[in-house]
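Step one of this worksheet: look at the structure below.
The values are calculated or read from the model by the stated rules, or taken from the named source; none is laboratory data. Keep in mind the model is a prediction, meaning the values are calculated, not measured. All Cβ positions, glycine included, derive from the backbone under ideal geometry; neighbour counts span all protein chains shown. Only protein heavy atoms, including side chains, enter the accessible area calculation; ligands, DNA and RNA are left aside. Shrake-Rupley method; radii C 1.70, N 1.55, O 1.52, S 1.80 Å.
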Amino acid sequence: MTNRVLKHSYTVPCASTFRDAVDALAARRKVNVGDLARSILLVVPDETVAAYADPGEPPTDDRETVVLKSGPAEGRPWRRKPRLQVRMPPGHDIPFIRKALALALAMDKGDVEVSFAASGANDVLAEPPPEDNSSRLVEINEELDRLRTIVSVLAFDPLPDGIRNRGDALHVLGFPPSSDPDSRTVRAKFRMLATIHHPDSHYGSHQRMSQLNQAMEFLRRYVA
């Protein structure tokens, strides 16, 4: 049986230039920011990440203006620190995640390379990996492809007319229109999709989240 790894949404304050560079790298590699951080943690020991320089929080004059998407202050502008929203397993601290993302940027630029030492020795950041570690890199790339596929499957196109019937509600929640899921299955699917489409997440969308809520409310009335 496969154990499900729960994810936590981290809000990572950082300089706007750092945020933009990380977002650009993620877009170029067709992954999300959490994928970048996790890929570093797959190949670099925690103590090496912890020892890397922390890019730090943004300076006091580095702020961005956003328009609140929900709540009592919806529609109002808000000045806040630039940030990255990172979905990862719980247990990491914010500076550690920033360092992992800084390593990802440095490796992408060629400023840092990963070297795999012989069995029993510590991995170090130095020369490119030897040929006999190619299978491990293939596994990492396959995992990233799997994560990209999951995100693309879950990102539905909002219905232009909203939720009008049971088939629309099932479609938005990712079920076939003719299916008959029980309430437990519907709630589990809603919670999973809400972590992705919530406006505060990296792939967040107010319109998608609104339709998820509408679909859940519709099915709650008709699913036992």
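Observations, loosely collected:
- Restricting attention to the range 190-224, the residues being modelled with pLDDT of 85 or more and charged (D, E, K, R) number 2.
- Count of residues meeting criterion [within 16 Å of Lys7 (Cα to Cα) and not hydrophobic (A, V, I, L, M, F, W, C)] in the range 164-208: 10
- Selection status of Asp23, open to solvent by 30 Å² or more (accessible area, probe 1.4 Å) and out of contact with any Gly (no Cβ under 9 Å at 6 or more places or on another chain): yes
- Count - residues of the range 48-89 that are open to solvent by 30 Å² or more (accessible area, probe 1.4 Å) and free of Cβ contacts under 8 Å to residues at least 24 places away in the same chain: 17
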